[in-house]
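Values quoted throughout were computed directly from the atomic coordinates according to the rules given, and no laboratory measurement underlies them. Just so it is clear, the model here is predicted, and its values are computed rather than measured. Cβ coordinates were reconstructed from backbone atoms using ideal geometry, including for glycine residues, and neighbour counts include every protein chain displayed.
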Amino acid sequence: MKKYMISIVVMLFCLYIPNIAHANQLEEAVSLRVIHSSVDAPNIDVYINKDKAFGEITFQQLTDYATLQKGTYKVKIYTNGADPKREKPIVSKKIKVKNGEAFTLAIIDEKDSVDMMVINDNNHSNNDSPQLRLVHLSPDTYSLDVYCKENIMIENISYLEVANYKELGGNQFDVEIKQHGKDEVIYEIPNLQLADKSSYSIYAVGLLKGEPNINFIIAKDHYEQ
């Protein structure tokens, strides 16, 4: 059994992107953040339309949420420091967003190239207990199961798959991650503490059998005003 130091990220505020969101529109704004999970990509800058929204994002980094108005946007990923007027983006994608929604843009490896995956962070449950899901972004890792208090909570999540949120029924957990259908615990997150009425994602990033090593990033989802 292996134990890994995990990164726990709690979003406490939203970033403001000039010319995209305005103060009197923040109550119904769209929340958007980025996670860099591509083992093949360098440090990156993220442009939304013509605005630089996030800069110098390193591998395994998860940004804070930024706010946008509803609409359709062109998101472009550049190598950190690149001049968008002279250089081509690593990847470009159009996204359409509505007010009140929250998303994570994952920079991923797909078929020997870098791509972008849009992950919906909206969880409309009114349950009081915390909820948890797994986002599998580790390209060489098999399908995974997640156990809490020795009970299976999330089952058979493969690469680039996003599990549904699961209600946990408590606030402190010993979380175990196993290869699907196997008994051996391969990752352990002891004494994980989560807040009531909140939703969290565990992002599996990195490589199980190579460099950079696999890591697990736990983040609270969907910024609340």
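Note on the chain: GNM, Cα springs under 10 Å; of His180, His36, His136, the largest mean-square fluctuation is that of His180. Amide hydrogen proximity for Leu144: with H placed 1.01 Å from N in the peptide plane, the residues at 5 or more positions away or on another chain lying under 5 Å are Asn156, Ile157, Ser158, His180. Phi angles across region 66-75 convert, under the Karplus curve 6.51 cos²θ - 1.76 cosθ + 1.60 with θ = phi - 60°, into 3J(HN,Hα) values of 10, 10, 9, 7, 5, x, 10, 10, 9, 9 Hz, Gly and Pro given as x.
Just to verify a number: FRET efficiency for Asp83 and Lys111, C-beta to C-beta distance, R0 = 25 Å, to 0.05? If you can, show how the numbers build up before the last one.
Values: r = 28 Å, r/R0 = 1.12.
Working from the Cβ atoms, E equals 0.35.
The fraction of all Cα pairs in region 23-151 landing in successive 5 Å bins from 0 to the largest distance is 2, 9, 18, 20, 18, 14, 10, 5, 2, 1, 0, given as whole percents. Between Val34, Val46, Val91, the residue with the greatest mean-square fluctuation in the GNM of the chain (Cα pairs under 10 Å linked by springs) is Val91.
DSSP beta bridges fully contained in region 2-220 are about 70 percent antiparallel.
Let me know the longest stretch in the chain that avoids all GluC sites (Glu not before Pro) found in a DSSP loop with at most 12 other C-beta atoms within 10 Å.
Values: sites that count: Glu87, Glu150, Glu184, Glu224.
In the chain, the maximal stretch lacking such sites is 1-86.
Coordinate range of the alpha-carbon atoms in the chain per principal axis, descending: 52, 40, 23 Å. Between the beta carbons of Asn127 and Asp174, assuming R0 = 25 Å, the FRET efficiency works out to 0.75 to the nearest 0.05. I need the trypsin sites (Lys or Arg not before Pro) found in region 95-124, filtered to DSSP loop residues with at most 13 other beta carbons within 10 Å of theirs. Of the trypsin sites (Lys or Arg not before Pro), the ones in loops of region 95-124 whose Cβ has at most 13 other Cβ atoms within 10 Å are Lys98, Lys111. Taking θ as phi - 60° and the Karplus parameters 6.51, -1.76 and 1.60, the scalar couplings of region 107-114 work out to 8, 10, 9, 9, 6, 6, 9, 8 Hz in sequence order, x denoting glycine and proline.
Ratio of Rg to Rh for region 130-185: 0.95 [Cα atoms; Kirkwood radius as inverse mean 1/r over pairs].
Summarising the amide proton neighbourhood of Ala29: residues at separation of 5 or more, or on other chains, whose placed amide H is nearer than 5 Å comprise Gly100. The lysines within cross-link reach of Lys52, meaning a Cα-to-Cα straight distance under 17 Å and a gap of 8 or more places when in the same chain, are Lys74, Lys76, Lys85, Lys88, Lys93, Lys94.
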